[in-house]
Amino acid sequence: MDKELQKYYEERFSMMATDGWRDLMEDIKQMQDSVDNLLSVPDEKTLFFRKGQLDILMWVSTLKDTSSKSYEQLMSGDSADGS
C-alpha cells in the first residue's frame, strides 16, 4: 500500500475513534429511525426523497465497517475483485 493511501485510512480511523464520531453515529441512528417509516409518506416525491435520505444515512453508518474491510484487504494484498 502506498504511503498516501495508508495515511488516508489512518486519518479516517483516527476520526472514527473520537467521541464526536460516536455522537454522530447516535444521531444518524435516530434519523434513520425517524425517516424509515412509510406511514407518514404522502406521495411518490416524498417517498423518493426519503429513499435518498436513507441511502446517505446508510452509507455514513456503514463507513467504518467498509473502511476496515477495505483496509484489511489492502494490507493482506487481496484485490477487491477477489483475484
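Can you tell me the orientation of helix 19-35 relative to the chain, as the angle in degrees between its alpha-carbon axis and the longest Cα principal axis, to the nearest 10?
40
For the range 53-60, in order, what is each residue's ³J(HN,Hα) by Karplus, 6.51 cos²θ - 1.76 cosθ + 1.60 with θ = phi - 60°, in whole Hz (x at glycine and Pro)?
Computed from phi, the couplings for the range 53-60 are 4, 5, 4, 5, 4, 5, 4, 5 Hz.
What is the count of Lys pairs in the chain whose alpha carbons sit under 20 Å apart, if the two are 8 or more places apart or on different chains?
Working: Lys3/Lys69; Lys7/Lys64; Lys7/Lys69; Lys29/Lys51; Lys29/Lys64.
Lysine pairs meeting the criterion: 5.
Relative to the longest principal axis of the C-alpha atoms of the chain, give the angle of the C-alpha long axis of helix 3-16, reported between 0 and 90° and rounded to the nearest 10°.
40
Quick one: what do you get for the range 23-68 if you divide its Cα Rg by 2.2 N^0.38 Å? Working shown, then result.
Working: Rg = 11.9 Å, N = 46, 2.2 N^0.38 = 9.4 Å.
So the range 23-68 has a normalised radius of gyration of 1.26.
Restricting things to alpha carbons, tell me how big the chain is in terms of Rg and Dmax, in Å.
Both quantities, over Cα of the chain: 16.9, 50 Å.
Every read-out reported here was derived from the displayed coordinates using simple, explicitly stated rules and does not represent laboratory data. None of these values were measured; they are calculated from a predicted model.
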